[in-house]
Amino acid sequence: MIIVLTGIDGSGKSTAARALVSSVRAQGGRALLLSNHAGRRVMSLLAARLGVRLPAKPADAVETALRVGNVLVSHLRAGRFDGLVVMDRHLHCQLALRSANGLPRGRFLPWLLARLLQPDAVFHLAIEPAEAHRRIVSRGTDSESLGDLAAFHAGYRELPEYAGFVKVDASVPKEQLMAELFSRLATVGVDTDPALSG
């Protein structure tokens, strides 16, 4: 069984993904965390250090290549794993970034997305851009403007796939978020019972 976590930067995707996997393992179940990053953090930090803004099309080309490579490897690994697979990000994230940057969806990413093994659920960690920006500034490891986060926020909502996402309030404390995620997992039919995850 596969679940995907999406959301803008600062929504807590990676933290939630790690916590989900750790919780299932702690209960004796089998869980695998797979990250589908696109190198945005490295590129944004480099651009900030150089005092430049990367052009949208070249940045998207690099991000797409990295993201697609990671997603394909993740699906190969997921297909060989018996248990709960948690994917931190997916192709939806790149499509949302394209929308945020005023770029077209293109044909390849939607085509590939339709042909990959479909996840049991896509959980979207919903958070207001201002709160996400506050979190990013406080951790000091990223460089994202409030305007970019707002555009990314809108980009997700413009996706045709967004209607099928399971929305979860990511502005709450971590413990409350995890409880909500486990509750939603059961609702969509993903069983995290160790007896069924191993």
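Rule-based calculations on the coordinates, nothing more; no lab input. On a predicted model such as this, the values are computed, not experimentally measured, just so you know. A quick note on method: Cβ atoms are made from the backbone with ideal geometry, for glycine too, and the neighbour counts reach across all protein chains shown.
For this structure, a couple of remarks:
- Relative packing of 60-67, 134-141, which averages over residues the other C-beta atoms within 10 Å, highest first: 60-67, 134-141
- Peptide ranges 75-84, 121-130, 144-153 listed from the most packed, as the mean C-beta count within 10 angstrom indicates: 121-130, 144-153, 75-84
- Each Lys and Arg adds +1 at its Cβ and each Asp and Glu adds -1 at its Cβ; summed about the Cα centre, region 2-197 shows a dipole of about 580 debye.
- When peptides 16-27, 1-12 are sorted by average Cβ neighbour count within 10 Å, with the highest value leading, the order is 1-12, 16-27.
- Compared with the direct C-alpha span, the chain from Arg135 to Arg184 gains 15.2 nm at full extension, assuming 0.36 nm per residue.
- Compactness of region 2-197 - radius of gyration and Dmax, Cα, Å: 16.4, 53
- Kirkwood radius and radius of gyration were both taken over the C-alpha atoms of region 75-153, and their ratio Rg/Rh is 1.03.
- Least to most buried among Ser99, Ser74 (fewest other Cβ within 10 Å first): Ser99, Ser74
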